[in-house]
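The values are calculated or read from the model by the stated rules, or taken from the named source; none is laboratory data. The model shown is predicted, which means the values in this text are computed figures rather than measured ones. In this analysis, Cβ positions are derived from the backbone assuming ideal geometry, glycine residues included, and neighbour counts consider all displayed protein chains. Ligands, DNA and RNA are excluded from the accessible area calculation, which covers all protein heavy atoms including side chains. Shrake-Rupley method; radii C 1.70, N 1.55, O 1.52, S 1.80 Å.
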Amino acid sequence: MNFKLSAVEKRIVIGTIFCISFITANIITTKLINLEFIHLMIPAGILIYPLVFVLTSVMTEAYGERVAQRTLIIGICFNLFFLFTVMLVAYLPSPPGYMGDKHLRFVFGAAPRFFVAGIAGYFAGNLVNAHLTAIVAQRSGGSDSSLKNLFAIAVGILVDIIVFIGVSYIGIIPVGTIAYMVFNYWIINIVWI
């Protein structure tokens, strides 16, 4: 069996992993992780979300800013489809004695709020990331730009986190705690990449 992928197949694989990572991050973000021993509280999406930024940079460098932007839009469309489907399923009637509705609604009940926050942060952060990556690629003239790409990813992640956590938790968690969460989430993302 030949596992050598064509350029189109590679693009499909990268785009698919990108979309799955984005959807997964939005699902698991409903859980806050509280590591009391280091005074750290962060959304669980941190476990997968940095991959979205890395893949944005890969797509931008390999296929251009326009392809990366189109993939962002496709990711949002898939996320909307997923959100619509789970919300529909969560509120359709169940047979008597079925106990899962309460849990399903708990997990996915906050999904619209996180989706809106996620989309706002996603667009802001990933578009900044794609744009900065394109600038770095253009100015580096093909020379090694790994460190500069990390800078583009770090700035994009920071923009995303500020928007996402701000929209998600303003009015629910004190502003100081939100700022602390933003800082910690950003540092963990930087370490992750």
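So for segment 27-36 (the condition being in contact with a Pro (Cβ under 9 Å, 6 or more places away or on another chain), among the hydroxyl-bearing types (Ser, Thr, Tyr) and open to solvent by 20 Å² or more (accessible area, probe 1.4 Å)), does at least one residue qualify?
Yes, some residue in segment 27-36 is in contact with a Pro (Cβ under 9 Å, 6 or more places away or on another chain), among the hydroxyl-bearing types (Ser, Thr, Tyr) and open to solvent by 20 Å² or more (accessible area, probe 1.4 Å).
How about segment 28-57: which of its residues are over 15 Å from the mean Cα position of the chain (by Cα) and assigned to a helix (DSSP H, G or I)?
Hits for segment 28-57 are Glu36, Phe37, Ile38.
Scan segment 63-78 and tell me whether some residue there is surrounded by fewer than 16 Cβ atoms within 10 Å (Cβ to Cβ), over 18 Å from the mean Cα position of the chain (by Cα) and under 25 Å from Gly171 (Cβ atoms).
no
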